[in-house]
Amino acid sequence: MWQRILSAGLTRHLLAALTAVGIALAAYFSLNPYLTRTLRASPTDGLDVKAGVYLPNMGDNWNERTVNFARMGNALANGTLVVMGSSELAGVDVRFVPYRFFPAELGVPTLAYGHAKLQSYGIFRVLQSLSDSLSPHTKLVIMLSPAWFAAEGEMPASAFAEHISGPVLASLWRRPAAREHMIYWVRHHDPLGILGLLAQAKLATFRDKLQMWLTGKPINSGPAYAQTAAAIAATRNATYPVPPTLPQADWPHLLDEARATGRKLCSNNPYAVRNHYYRTHLSLVPDPTHQEFARGDPIAAREFTDLSQLMEYLAFKKVPALFIMQPLNSKLVLDTERFIPTVRSIMAMCRRYHMACTNMYPLRPAPGIFKDDMHLAELGWALADEAIDKHFSQ
């Protein structure tokens, strides 16, 4: 008898759950197309698109993702300087980080995209989703990190779900070849976990649309980077399309200023890193040195194939991109020599696809080059900016 009662109770709960799921699915499939047709995304972050925009990802809600997807497409199409990379772009406190320096000091509209864990595969898919905006007039810089080739050597599944979702995923899904490749990638990289994250993102998007429809206003979101008054003033008269060449800066003077700042902020420690980072991190452990490539040969990493695919695609679209290979701090990373063959192969890859490449990997630690073991500080970014300026000034 107790078994029959328990069985009946479980059946009722199961039927109730299935009914709730059915109602939710019916509401989604009937209401979502209507919301998509009627709602219009609008910016709420107050950003001036000319004065330097930093997007760690496309955003946290449907309105923000839709706005930023359009912003990035416009930037790629109209000659705005677009810089893509990973965690090095999060250094908003560095004067020479591109989305600060180029707008404020050269009057060049600039947009940066990416943060930690975004790698070649994610950059490729984001750009592919915006393929109609790519042309020989696109000004694109890709910051390459040696850390991408360490450990497992490819973009993690969490970054796939973060960057290849929303409008990026919708755009790629309409392209048969891209759709087939994405399905293959998901099948070979934690498919249940990725599909679960994508399903959560889909439900969150529906929730965002429903909220906007009910409230009659877009969801507010703040910028990842607060633009400076100097950048707004310097780019006030900038026009679109942006001129094909960048203005030449006084690089000997700027590099001297970067070195002076580096000596001020990075000289009071034995590792040529930011003094604050040394005090709060390195000085607290007996030995802060480590090996970056101890778990495998970096040239055998999947990342190498992903990078080749990215360069091949940009060559097909005739985009005159600049790739910048960043250095490692050899005072903290003890096996930097293991990556030298990979760097040589990447430079050969650049020549094969007729891509411009700047190799900063030979740089040795000096005050101002590094904030920590790998992220660029004032002088490091100034040297990268010089390469960007010279490439797009030709």
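The values are calculated or read from the model by the stated rules, or taken from the named source; none is laboratory data. The structure displayed is predicted, hence computed values, not measured ones. Cβ: placed from backbone, ideal geometry, glycine included. Neighbour counts: every protein chain shown.
Laid out as a table, the results:
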read-out	value
Identity of the residue in region 262-278, of a type outside the set (A, V, I, L, M, F, W, C) and in a loop (DSSP other than H, G, I, E, B), that ends up surrounded by the most Cβ atoms within 10 Å (Cβ to Cβ)	274
Region 34-48 residues that are at pLDDT 90 or above, paired with ones that are assigned to a loop (DSSP other than H, G, I, E, B) and surrounded by 13 or more Cβ atoms within 10 Å (Cβ to Cβ) (beta carbon under 6 Å, 6 or more apart)	42/218; 44/218; 44/221; 45/221; 45/223; 47/223
Close pairs from region 54-69: first within 17 Å of residue 159 (Cβ to Cβ), partner β-branched (Val, Ile, Thr) and surrounded by fewer than 22 Cβ atoms within 10 Å (Cβ to Cβ), Cβ under 7 Å, at least 6 apart	none
Among (1) out of contact with any Ser or Thr (no Cβ under 8 Å at 6 or more places or on another chain); (2) surrounded by fewer than 15 Cβ atoms within 10 Å (Cβ to Cβ); (3) farther than 17 Å from residue 102 by Cβ - the single one residue 220 does not satisfy	(1)
The one condition in (1) surrounded by fewer than 15 Cβ atoms within 10 Å (Cβ to Cβ); (2) free of Cβ contacts under 8 Å to residues at least 40 places away in the same chain; (3) within 30 Å of residue 322 (Cβ to Cβ) that residue 196 fails to fulfil	(3)
Those residues of region 182-199 which are touching a helix residue (DSSP H, G or I) at 6+ places or on another chain (Cβ under 8 Å) and in a helix (DSSP H, G or I), in sequence order	182, 185, 186, 193, 194, 195, 197, 198
Within region 366-393, considering residues that are touching a helix residue (DSSP H, G or I) at 6+ places or on another chain (Cβ under 7 Å) and of a type in the set (D, E, K, R), the one farthest from residue 91 (Cα to Cα)	386
Subset tally (residues that are over 25 Å from the mean Cα position of the chain (by Cα) and either hydrophobic (A, V, I, L, M, F, W, C) or at positive phi (or both)) for region 29-52	4
Test result for residue 72, buried (at least 22 other Cβ atoms within 10 Å of the Cβ) and modelled with pLDDT of 95 or more	yes
Matching residues in region 211-237 - criterion: being assigned to a loop (DSSP other than H, G, I, E, B), on the phi < 0 side of the Ramachandran plot and of a type outside the set (Val, Ile, Thr)	217, 218, 220, 221, 222, 223, 224, 225, 226, 227, 236, 237
Flag if residue 285 is under 24 Å from residue 365 (Cβ atoms) and either in contact with a Phe, Trp or Tyr (Cβ under 7 Å, 6 or more places away or on another chain) or among the β-branched types (Val, Ile, Thr) (or both)	yes
Filtered residue count, region 289-348, keeping only those that are under 12 Å from residue 361 (Cα atoms) and within 24 Å of the chain's Cα centre (by Cα)	11
For residue 179: the one exception among (1) touching a residue at least 24 places away in the same chain (Cβ under 8 Å); (2) basic (Lys, Arg); (3) part of a helix (DSSP H, G or I)	(1)
